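Notes for the one structure printed next.
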Amino acid sequence: MTTFTRRRGLAVGALALSGALALCACGSSDPGKDSGAGTARTRTVKTVMGDVEVPVAPRRVVVLDTGELDSALSLGVRPVGATHSATEDGFPSYLPESRTKGIKEVGDIANPNMETVASLKPDLILTSKVRDGDRYEQLSAIAPTVMTESTGSTWKENFRLHADALGKQAEAKKVIASYDARVAKVTEAIGGKEKAAATDVNFVRFVEGADIRIYGRQNYIGSILADVGVGRPAITDKAKDGFSYDVSPEKIDLADADVVFTSTYGDPDKAGATKTMSGGLWKGLTASRNGKVFEVDDRLWIAGIGYTAADRILDELRTDLTK
């Protein structure tokens, strides 16, 4: 998953913090019990930061990453606020505008505007330790804050925690069952488990300001490819921490596979996508020679990190792998 650059300090002014504290909901230590007049019934959610008391039915949810946004919308919850990528305006285009309309932008991922978050008077905040761990106390002063450990390859576990925090466990079971059924249909459509396993698939991401990434198995897209059951080339086993094996344009031939999906983060020219994909090494890839290179939406395949995005990805996999 992309590590977003923190572009400004983390300190929040005393006035903003005092306002946030005034907005904080005082939950009961006894799940399901009223904690006092005018406050919501609460229950306990276990998180990486410890037990958190959350409203039984949160009404004003703020999400601070794309995975949390996807989870909420997949479960039928429209957040009141959400962050977005530092390099792009608005929310991922794979999410219908009708579902994101009215959600207020509250800053960049890993760099939310705390005053804006507080002004929305949330009763629940969803994020992760890897994004906002150093802001946990500030966020918790505004509203109960539920954090996962990380993002990316843990997206399924994260979704279950998000569903628990939102009180949407029943809805979550339906979403997961629908995904599993769609996976089975995609595997069947491309020829069954045996044929899928015999088809080596690579994912190559061009990143502005960084080396080219050949994605391994321990990431969001890697887990979806594993669910479908396609083969992965040996190079993916060399990925650092299972995430990616980074190469220069001069070594792009290491990305050779039967099928190559590719996306770009940032400007294609600055990320080296334009030059690399017009070069001889790229054109010599098995996938390139056979017309099996497919350019896809980076914000969907890499940054979606949820079940709504996964359903779209499965549809595209089915289309491309059956050509």
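Counting neighbouring Cβ atoms within 10 Å and putting the fewest first, the residues Thr42, Thr276 line up as Thr276, Thr42.
Could you list Ile176, Ile214, Ile252, Ile125 in order of exposure, starting from the residue whose Cβ has the fewest other Cβ atoms within 10 Å? Display every interim value, and only then the final one.
Details: Ile176 16, Ile214 25, Ile252 21, Ile125 32.
Fewest-to-most ranking of Ile176, Ile214, Ile252, Ile125: Ile176, Ile252, Ile214, Ile125.
Residues of the range 281-323 falling in the label zone of Ser223, defined by backbone nitrogen less than 18 Å from a point 7 Å along Cα to beta-carbon, are 299-315.
Pairs of alpha carbons in the range 265-323 separated by more than 18 Å make up 48% of all such pairs.
Tell me, in nm to one decimal, what length is gained between Arg60 and Thr274 on full extension, where the rule is 0.36 nm per residue of separation less the Cα-Cα distance?
Details: separation 214, 0.36 × 214 = 77.04 nm, distance 4.31 nm.
Answer, rounded to one decimal: 72.7 nm.
Stretching Ala170 away from Glu208 to a fully extended chain increases their span by 9.6 nm, per 0.36 nm per residue minus the current alpha-carbon distance. Between Val106 and Ala82, Thr83, His84, the built amide H atoms are under 5 Å apart, and every one of these is 5 or more places off in sequence or on another chain.
Close amide-amide hydrogen proximity is noted between Ser128 and Thr148, each under 5 Å apart and 5 or more residues distant or on a separate chain (H modeled in the peptide plane; Pro and chain starts excluded).
Put a dot 7 Å past the Cα of Arg78, heading toward its Cβ, do the same for Ala234, and the two dots end up 5.3 nm apart.
Determine, from the Cβ-Cβ distance of Thr87 and Ala197 and an R0 of 35 Å, the FRET efficiency 1/(1 + (r/R0)^6), rounded to the nearest 0.05.
Values: r = 36 Å, r/R0 = 1.03.
Here the calculated transfer efficiency is 0.45.
Shape class of the range 213-323 from the Cα gyration tensor (axes a ≥ b ≥ c, square roots of the eigenvalues): rounded, since a/c falls below 1.5.
Listed values for the range 233-247 are Karplus-derived 3J(HN,Hα) couplings in whole Hz (6.51 cos²θ - 1.76 cosθ + 1.60, θ = phi - 60°), namely x, 4, 4, 5, 6, 9, 4, 5, 6, x, 7, 7, 10, 8, 9, and x replaces Gly and Pro.
Compute the relative contact order of the range 190-321 as a whole-number percentage, counting only Cα pairs closer than 8 Å that sit 6 or more residues apart in sequence.
On the way: 218 pairs, mean separation 34.5, N = 132.
Relative contact order here is 26 percent.
Per-residue Karplus couplings for the range 169-183, computed as 6.51 cos²θ - 1.76 cosθ + 1.60 with θ equal to phi - 60°, are listed in order as 5, 5, 5, 4, 4, 5, 4, 5, 4, 5, 4, 4, 5, 5, 4 Hz, Gly and Pro entered as x. By DSSP, the beta bridges lying fully in the chain are antiparallel in about 40 percent of cases. Mean projected area of the Cα convex hull of the chain, taken over all directions, amounts to 16.7 nm².
Across the chain, Cα pairs under 8 Å and at least six residues apart give a relative contact order of 17 percent. If r is the Cβ-Cβ distance from Glu250 to Asp320 and R0 is 30 Å, what FRET efficiency results, to the nearest 0.05? For Glu250 and Asp320, the calculated efficiency is 0.65.
For the range 51-207, the tally of Lys pairs with Cα-Cα distances below 20 Å comes to 11, considering only residues 8 or more apart or on different chains. Scalar couplings 3J(HN,Hα) for the range 299-310, obtained by applying the Karplus form with A = 6.51, B = -1.76, C = 1.60 to θ = phi - 60°, are 6, 8, 6, 10, 8, x, 6, x, 6, 5, 5, 4 Hz; x denotes Gly and Pro. At q = 0.10, 0.19 Å⁻¹ the log10 of I(q)/I(0) for the range 96-206 amounts to -0.47, -1.13, computed by Debye summation with a single uniform scatterer per C-alpha, solvent ignored.
Coordinate-derived values only; no laboratory data. Just so you know, these numbers come straight off a predicted model, no measurement behind them. Reconstructed Cβ throughout: ideal geometry from the backbone, glycine too, with neighbour counts over all protein chains shown.
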